[in-house]
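Below: the structure, in structure tokens.
We did not get these values from a lab; they are worked out from the coordinates using the rules stated. Quantities reported herein were computed from a predicted structural model and do not represent experimental measurements.
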Amino acid sequence: MRRSSLFTVISKAATISLLLVPAMVGPLAAADPNSVKGLVADNCSRCHLVPPYSKSGLESLNAPPFKEMANRPDLYTAGRLRSFLQKPHYPMAPILLSAKDIDNLVAFIQSMRDR
């Protein structure tokens, strides 16, 4: 095989593999809002109104309801939510979340958006 032919074959193989990798990784990297229901029920719903997990009377706290955050994507963008959740902050409980948990929690919040 000539050198130019070999280069063409390698070049095409590399292009095909670059096109296939995102297709294989995409479904695995997709966020799963259902996976954080326990986290939401045990932690988030203490301050945020998150039906059906929250108790009534949370209106006096300054924590926005999840549904309100979901319906204000201009204010509560996915990037802002991720950034906010990456580090513990007062008055939120000091919970350290993995990147996957953060992605799943953002997806959970966004799943509450009115359709």
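Based on the Kirkwood approach, the hydrodynamic radius assigned to region 31-110 is 12.7 Å, with every pair of different Cα atoms included. Computed over region 42-87, the range of Cα coordinates on each principal axis works out to 29, 22, 18 Å, biggest value leading.
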